[in-house]
Each structure stands twice: as structure tokens, then as C-alpha cells.
Amino acid sequence: MATPGKFVLLDRDGVINQRIPNGYVTSWDQFVFLPRALDGLRLLKQCGYTCLVVSNQACVGKGLITLEQLGEITRHFVDEIERHGGHIDGVYYCPHRMEDGCGCRKPEPGLLIEAQREHAFLFEETYLIGDTHTDCLAGERVGCRVLLLKDGQADGRAGLGRRIFADLYAAAEFIATAV
């Protein structure tokens with residue numbers, strides 16, 4: 001049974017780190033934190049939120065990177081977030097390509113459901129922060145409170161009742177002050 005709690009689901013590329021145009025982050029030296037992302041993660045931790053990353057990583061399915069290499073990048077960015085006062089409590093990746101038709105690739109909600117099973121949170125009390133329409137759809141399908149970062153690939157779909165923020169820190173400030 002799900003229990004109430006303070007949870008935030010975060011996409012990775014375009015929310016925590018810079019997205020590589022028409023490409024993928026395939027090594028730690030390509031991983032660049034977005035401005036104020038580390039501050040936003042620290043604020044969420046200070047406010048008692050459990051932060052979980054839910055991210056499509058088709059670079060694995062395309063053979064550009066192995067699961068082990070993805071794990072190495074993950075260890076580095078989680079450690080760096082810790083050094084800056086934040087915390088990531090879990091990371092969930094979909095390694096499949098779009099054409100694989102899996103249930104875990106956003107906009108399908110499989111990653112979110114997996115995270116919910118392991119952490120027993122209530123979707124309706126959980127925020128999802130994303131930068132793309134597919135992130136938003138996945139969150140909406142399970143009933144999360146969806147926050148969209150405008151610098152992503154939102155392509156004007158904010159008119160669907162979504163709250164829009166400039167960056168992760170601005171979204172974290174909103175969450176910190178929400179009742």
C-alpha cells in the first residue's frame with residue numbers, strides 16, 4: 001500500500017544536466033550540470049523531499065553506451081549532487097529505443113510505476129519535473145503534479161494546465177512553498 005510522503009520524480013537530461021543536441025551523454029566528461037540544478041536539488045533535500053530520477057536513455061539500446069558505462073555516469077553525478085548538499089534516492093532508466101515499444105519508455109508510465117513500487121509513494125502527492133512533452137504525459141498518466149521546465153523541448157504544450165519554470169531551482173522553490 002502506498003504511503004504519503006514528499007517525493008519528486010526528475011527527468012535527467014534537460015532538467016539536471018545539459019541535453020546534447022541530437023545526441024546523448026555517453027561519458028562523464030560530457031555531463032554538464034544545468035545552472036542552478038545543484039542548488040535546486042539541495043533545496044529539495046533541505047525541505048525533506050525524496051528525489052528519484054526517471055529517464056529515457058536510448059543510447060544504451062542504440063549501442064552507443066553500455067549499462068555499465070551509464071552506471072558510471074550515474075555514480076559520478078549522484079556523488080557530485082551529494083557534494084553540493086543534495087541527494088538522489090534512486091535512479092530509474094529506460095534503456096530501450098522508441099521503436100522497441102516497451103512500457104517503461106516515457107511517455108509510457110513504466111519507470112514511474114517501478115519507482116512507486118519500490119518507494120511506496122502516492123502519485124497524486126508526487127511532483128514530476130520534466131522538460132519534454134513525453135515527461136509530462138508520463139506524469140499525467142499516473143496522476144503526478146507535473147512541472148515543466150521551459151528551456152527544454154516543451155514546444156508550446158504548456159497550455160494543458162502545466163506549470164512552467166525557468167529551471168530546476170525555480171521549480172524547487174515552488175515545491176518548497178506549496179501547501
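The values are calculated or read from the model by the stated rules, or taken from the named source; none is laboratory data. Not measured: the values here are computed from a predicted model. Neighbour counts run over all protein chains shown; Cβ positions are idealised from the backbone, glycine included.
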Limited to region 129-142, what total is found for residues that are surrounded by fewer than 24 Cβ atoms within 10 Å (Cβ to Cβ) and assigned to a helix (DSSP H, G or I)? 6
Residues in region 120-128: is at least one surrounded by 15 or more Cβ atoms within 10 Å (Cβ to Cβ), in contact with a strand residue (DSSP E or B) (Cβ under 9 Å, 6 or more places away or on another chain) and either basic (Lys, Arg) or within 17 Å of Ala37 (Cβ to Cβ) (or both)? yes
Answer yes or no as to whether Gly23 is closer than 24 Å to Ala138 by Cα, modelled with pLDDT under 95 and more than 15 Å from the chain's Cα centre (by Cα). yes
Single unsatisfied condition, Glu99 versus (1) at pLDDT below 95; (2) assigned to a helix (DSSP H, G or I); (3) crowded, with 17+ Cβ neighbours inside 10 Å: (3)
When you check Val25 against the structure, is it in a loop (DSSP other than H, G, I, E, B), of a type outside the set (Lys, Arg) and touching a residue at least 60 places away in the same chain (Cβ under 8 Å), yes or no? no
Would you pick out the residues in region 43-76 that are more than 17 Å from the chain's Cα centre (by Cα) and outside any helix (DSSP H, G or I)? Cys47, Gly48, Lys62, Gly63, Leu64, Ile65, Thr66
Looking at Leu10, Leu43, Leu52, can you tell me which residue is under 21 Å from Phe165 (Cα atoms), in contact with a Cys (Cβ under 8 Å, 6 or more places away or on another chain), buried (at least 16 other Cβ atoms within 10 Å of the Cβ) and not small (Gly, Ala, Ser)? Leu10
Which condition number does Lys106 fail, the rest of (1) over 21 Å from Arg75 (Cα atoms); (2) over 14 Å from the mean Cα position of the chain (by Cα) being met? (2)
Which listed residue, of Ile88, Ile113, is buried (at least 19 other Cβ atoms within 10 Å of the Cβ), in contact (Cβ under 8 Å) with a residue 24 or more places away in the chain and either on the phi < 0 side of the Ramachandran plot or among the acidic types (Asp, Glu) (or both): Ile88
Filtering region 102-124 down to residues that are among the hydrophobic types (A, V, I, L, M, F, W, C) and outside any loop (DSSP other than H, G, I, E, B), which residue is nearest to Ser55 (Cα to Cα)? Leu111
